[in-house]
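The values are calculated or read from the model by the stated rules, or taken from the named source; none is laboratory data. In this text the structure is predicted, and so the values were computed from the model without any measurement. Ideal geometry is used to build each Cβ from the backbone, glycine not excepted, and the neighbour counts take in all protein chains shown.
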Amino acid sequence: MRQTDPVLMGPGPCNAYPEVMEAFARPVMGHLDPSFLALMDEVGDRLRQVFRTANPLTFAVSGTGSAGMEAALVNFVGEGDTVVIGVNGVFGGRMCDVAARCGAEVVRVEAPWGTPIDPQQLLDAHPSPSMIAVVHAETSTGVRNDLAELGAAKGDALLLADCVTSLGGIDLRVDEWGVDIAYSGTQKCLGVPPGLAPLTVSERALGRLRDVPQSWYLDLNMIARYVMGEGARAYHHTAPISMVYALHAGLGVLLDEGLDASFARHSACGGALQDGLEARGFELFAQEGSRLPQLTSVWVPDDRLPAGATEADVRRTLLEEYGIEIGGGLGDLAGKGWRIGCMGHTARRRNVALLLAALDDVLVG
């Protein structure tokens, strides 16, 4: 058994801020208690600041980032709709799957993994789509896709952005960039354990909300009456009270630090990590100029692996002997590369130094 908690530097759950863990210890209130409803309103206010939006319907979906993705699609697309979706990694492909299950005609615009999607290709893919959707920060590859150009030229289409790995870690301007619907997850740059999916919806998008979405649980018609109701709120579901406490605390830490300061911290840590990896013979997977600082994808050099060891063996050694957990590759990177996260509380120079020093101990040559 490991004697210390691991430094989680994978693409998944990160080490939470201490204030977040303290929030979990608070006594649990009822989900319709006036004090809890006031706290939920504060979470909405804080999310608006982090998303940089004035959208009234901004709240945390009770579920992980995938629930946010599904809510963003089932409420706005269905039979007869055409949805243009950028695919340059796993999560663009998942949006295609959900949109197709809603009955929409899906137009895939693909780019090689590791490269960003050309916004003009998305804009030219169909003359009048109902929606254009793209992953802002593709977790499977460490690539950033452009949103501002899409928002400026989207025409009548709704613009949907997956911001699971970008919110709180890199610049995101929902209103300024013309993003109509954006969702995220708590476990990345917000420094909160997984369990909620921040979601924001523009007034323009609300005008196209489906009367009866395919999902009851994610029906924004009903959820809005719970999270935005005045006076007596309509009961829809039992909110995960302690997770809302945690998100409230995590957003407070982020806003106290300042968004620009958080972006700079993530940038400095990601830059130091990427420079250090290249100096040790690793080849960065994501295209230069579109690399995320908070999620670094790399090819692992075979000639630096210990004799008879695989990349998975090295990751296991890092976890068991150094208390460092990093993620394996997906798609083209599976079995050949790593995805290393510097997100939220984990985005600290000391963690970068620890990982690089551990690699110097474990690798050969």
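Here are the numbers for the structure shown:
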quantity	calculated
Selection from segment 321-335 of residues that are crowded, with 16+ Cβ neighbours inside 10 Å and more than 12 Å from residue 140 (Cβ to Cβ)	322, 323, 324, 325, 326
Any hit, segment 79-86, residues being within 16 Å of residue 182 (Cβ to Cβ), of a type outside the set (Phe, Trp, Tyr), surrounded by fewer than 24 Cβ atoms within 10 Å (Cβ to Cβ) and at pLDDT 95 or above	no
Residue within segment 271-292 that is more than 30 Å from residue 252 (Cα to Cα) and touching a Lys or Arg at 6+ places or on another chain (Cβ under 6 Å) present	yes
The one condition in (1) outside the structural domain of residue 45 (by TED's automatic domain parsing); (2) surrounded by 15 or more Cβ atoms within 10 Å (Cβ to Cβ); (3) out of contact with any Gly (no Cβ under 6 Å at 6 or more places or on another chain); (4) not aromatic (Phe, Trp, Tyr) that residue 286 fails to fulfil	(3)
Those helices (runs of 4 or more DSSP H) lying entirely in segment 167-275 with at least 1 residues at pLDDT below 95, outside the structural domain of residue 345 (by TED's automatic domain parsing) and not aromatic (Phe, Trp, Tyr)	220-227
Residue list for segment 276-317, filter: of a type in the set (Phe, Trp, Tyr) and in a loop (DSSP other than H, G, I, E, B)	282, 285
In segment 205-229, the residues that are charged (D, E, K, R) and either within 23 Å of the chain's Cα centre (by Cα) or under 22 Å from residue 164 (Cα atoms) (or both)	219
Qualifying strands (runs of 3 or more DSSP E) (wholly inside segment 72-155; at least 3 residues being touching a residue at least 40 places away in the same chain (Cβ under 8 Å) and within 24 Å of residue 196 (Cα to Cα))	131-135
Output for segment 335-346, where each listed residue is under 16 Å from residue 164 (Cα atoms) and either touching a strand residue (DSSP E or B) at 6+ places or on another chain (Cβ under 9 Å) or in the same structural domain as residue 167 (by TED's automatic domain parsing) (or both)	339, 340, 341, 342, 343
